[in-house]
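One structure below.
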Amino acid sequence: EYTWDFGDATPIVHDPMPWHSYERPGLYTVKLTVRDAFGTGDVTRAEFNIHIDSPPEISGIDVPDEIYEDFNTAVIVNVSDAESLADLVFYRDIDVLDGSNSDRSETISNDLVIEWEQDLLTDQDEDGILDNDWITSNQSLATLVTLIWENPGEAILRVRVCDGMGLCDESETDVTILPEQDADPSLSDFSWDEWKSWMTDAGSDALGFIALILAALILGWLVMRQPNETEEEAKQNAETYEVEHADDGGLLGMDHHLPPPAPKILSKQERRSDESGYIRPLRRRE
Ligand SMILES: [Ca+2]
Ligand SMILES: [Ca+2]
Ligand SMILES: [Ca+2]
Ligand SMILES: [Ca+2]
């Protein structure tokens, strides 16, 4: 006489080889008692644990507040699974009719398989079916994936999470993809590595270009800076002496002026006299 106690508060079963289905996931201890049919009183007992798998449960999908077209966007699924979190190893007996129903013929993975369909309204792989474009995580964190939506508008993001026994949960969320922001790229958008590789590629042309930039910067500094005291003074002197204005560099009044006019109130003799105080201006020898 067989007596099966499945450990889940269901009635005892006397069938030698019964099938039983559990209503709830969890760990159960199954007890079998075999009594001698001839009434000798001999009893054999056996018990073993079975674990009824619970499906993963998705509690939500985290997406950024603003999603832009052609922009790497990270999304995360919040999911839990009792077996994946448990520090246990699960095995499955592939053949329950081979005389032993506790064979460890297969190890069940505790890892979750997470797949994403980034838009149920778009056929990403162009096979004519809109909702079969599943991709797995491209990040080290399995629950995180980075997606790029190529066009602005509405999309429906779906995620599917399956455990090692193939039980799955699915969830969807609507996302709005905004048109690309057209901001001018700034200098900080370029990394040093980009600069380096760009300079290596451009070779000597790049050096010439940089020299041009430096020249432009120096020129800009000349234009922008205020005249200093010496230059102001020279300008005033130039006005006083009616000197020619120099346009090609140098210090006004020092390098480009004409000699001051010879004073006409002094006679030739007075000009030659030391006592008049007159000093003959120097003339440049040509
Ligand atoms: Ca599970
Ligand atoms: Ca077996
Ligand atoms: Ca799709
Ligand atoms: Ca498709």
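The values are calculated or read from the model by the stated rules, or taken from the named source; none is laboratory data. The structure presented is a predicted model; accordingly, all values stated were derived computationally and were not measured. FYI the Cβ positions are ideal-geometry reconstructions off the backbone, even for glycines, and counts take in every protein chain you see.
Observations on the model:
- Filter pass, V89 being away from ligand 2 (no atom under 16 Å from the Cβ) and closer than 30 Å to D119 by Cα: no
- No other residue among I94, I12 is at pLDDT below 90 and not charged (D, E, K, R) apart from I94.
- If you check N49, N78 for being in a strand (DSSP E or B) and at pLDDT below 90, only one passes: N49.
- Any hit, the range 102-114, residues being in a loop (DSSP other than H, G, I, E, B), basic (K, R) and more than 30 Å from P179 (Cα to Cα): yes
- Within the range 133-144, the residues that satisfy the criterion of being within 16 Å of ligand 3 (Cβ to nearest atom) and within 21 Å of D163 (Cβ to Cβ) are W134, I135, T136.
- Number of positions in the range 121-149 that are within 24 Å of S80 (Cα to Cα), of a type in the set (A, V, I, L, M) and within 16 Å of ligand 4 (Cβ to nearest atom): 2
- Members of the range 19-38 that are surrounded by 11 or more Cβ atoms within 10 Å (Cβ to Cβ) and either in a loop (DSSP other than H, G, I, E, B) or under 55 Å from the mean Cα position of the chain (by Cα) (or both): H20, Y22, P25, G26, L27, Y28, T29, V30, K31, D36
- Only one of the numbered conditions (1) surrounded by fewer than 16 Cβ atoms within 10 Å (Cβ to Cβ); (2) farther than 20 Å from R158 by Cβ; (3) more than 16 Å from ligand 1 (Cβ to nearest atom); (4) in contact (Cβ under 8 Å) with a residue 24 or more places away in the chain is violated by V96, and that is (4).
- Once the range 102-132 is narrowed to residues that are touching a residue at least 24 places away in the same chain (Cβ under 8 Å) and among the polar types (S, T, N, Q), the residue that is farthest from ligand 3 (Cβ to nearest atom) is S102.
- In the set P185, P227, only one residue is in a loop (DSSP other than H, G, I, E, B), farther than 30 Å from N78 by Cβ, modelled with pLDDT of 65 or more and away from ligand 2 (no atom under 16 Å from the Cβ); that residue is P227.
- Of the residues making up the range 39-52, those that are more than 46 Å from the chain's Cα centre (by Cα) and among the aliphatic types (A, V, I, L, M) are V43, A46.
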